[in-house]
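The block underneath contains the structure these notes are about, expressed in structure tokens.
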Amino acid sequence: MATNPTFQLFSASNDKSSSQGLGFFDSPEPPRPPPPPPVEVFSSEVSSSVAFSVDKVNIGQVTLLKGRVNTKEVFGLPNSDLVPGVYEGGLKLWEGSIDLVKALEKETQTGNVSFPGKRVLELGCGHGLPGIYACLKGADAVHFQDFNAEVLRCLTIPNLNANLSEKPPSVSVGDKEVRFFAGEWSEVHQLLPLVNDGETGTKGGYDIILMAETIYSISAQKSLYELIKTCLANPNGAVYMAAKKYYFGVGGGTRQFLSMVEKDGVLASTLVSEVTDGSSNVREVWKLSYK
Ligand SMILES: C[S@@+](CC[C@H](N)C(=O)[O-])C[C@H]1O[C@@H](n2cnc3c(N)ncnc32)[C@H](O)[C@@H]1O
């Protein structure tokens, strides 16, 4: 790990330990090391050795809990560092995941989306707030994916547990299927329980895929997009994606990702919300669905 260069990532939300800068990489992305093999992480594998504390996050009318762990304790890295192909930033809460929960709350209120009975996948989950929101809103199954098994063990699982233990008594989560998968986007479909059957697209698939701040790296976008098409229920599945319009220094962003989606011609995109709060780059939430 020590031989890998580290990079400042973009600003994280509500995280006093994070960089406030907008820059990504100071130089072009270096080649990535081979990814760790995909694994399912079970709730029972929750870390008991890494210190975990929670803060409240008010997102519009929704209050969720956000766990906090020390990057150094988990990965031996100073806070704010991201090491491409080794640690992909999942221990921080990024602005996009707050934007996504806000957008989902609006979509729920206007009846554009509803979670009861739905199978949900959160890609690049980190804290997992959008997936936790889906769980609290009645989704039947929520599967969380992160690059790093350590993020799932030390942060996602305890964060889900903390939020569930605070839920109002009217919300029942006892019968939900909640599962956790670690792995690179080009490989993790081998483990995900709900994928389309390639030929007719009628078997399985996730009704809703959620993702926030996952499209910053151009080199990973193709495999992320292929994973989405492998996993999204056809024809009624929908993806909600929160991201910055442009990630300075690395070239990723919504414009560039959506142009790939448009060229492919399978999914249509609609802008759900735009955030221009003056503190950062323009941020957007997009919905993708089959044409
Ligand atoms: C910047 S973090 C965002 C975390 C969280 N969604 C948020 O908004 O707070 C990017 C996330 O995508 C995941 N990720 C990035 N590149 C990946 C890749 N090539 N394969 C699998 N997961 C990846 C990371 O593990 C991490 O959870």
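The values are calculated or read from the model by the stated rules, or taken from the named source; none is laboratory data. Not measured: the values here are computed from a predicted model. Cβ sites come from the backbone with ideal geometry, for glycine too, and all protein chains shown count toward neighbours.
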**Report entry** Residue match in the stretch 83-99 (condition: modelled with pLDDT of 95 or more, aliphatic (A, V, I, L, M) and surrounded by fewer than 22 Cβ atoms within 10 Å (Cβ to Cβ))
**Finding:** no
Query raised in the report: Counting only residues that are more than 23 Å from LEU129 (Cα to Cα) and part of a helix (DSSP H, G or I), how many does the stretch 234-256 have?
Result: 2
Query raised in the report: When you look at GLU107, is it under 26 Å from PRO33 (Cβ atoms) and surrounded by fewer than 24 Cβ atoms within 10 Å (Cβ to Cβ), yes or no?
Result: no
Query raised in the report: Counting only residues that are in contact (Cβ under 8 Å) with a residue 60 or more places away in the chain and not in a helix (DSSP H, G or I), how many does the stretch 214-233 have?
Result: 4
Query raised in the report: Looking at (1) touching an Asp or Glu at 6+ places or on another chain (Cβ under 8 Å); (2) of a type in the set (D, E, K, R); (3) touching a residue at least 60 places away in the same chain (Cβ under 8 Å), which is the one condition that is false for LYS176?
Result: (3)
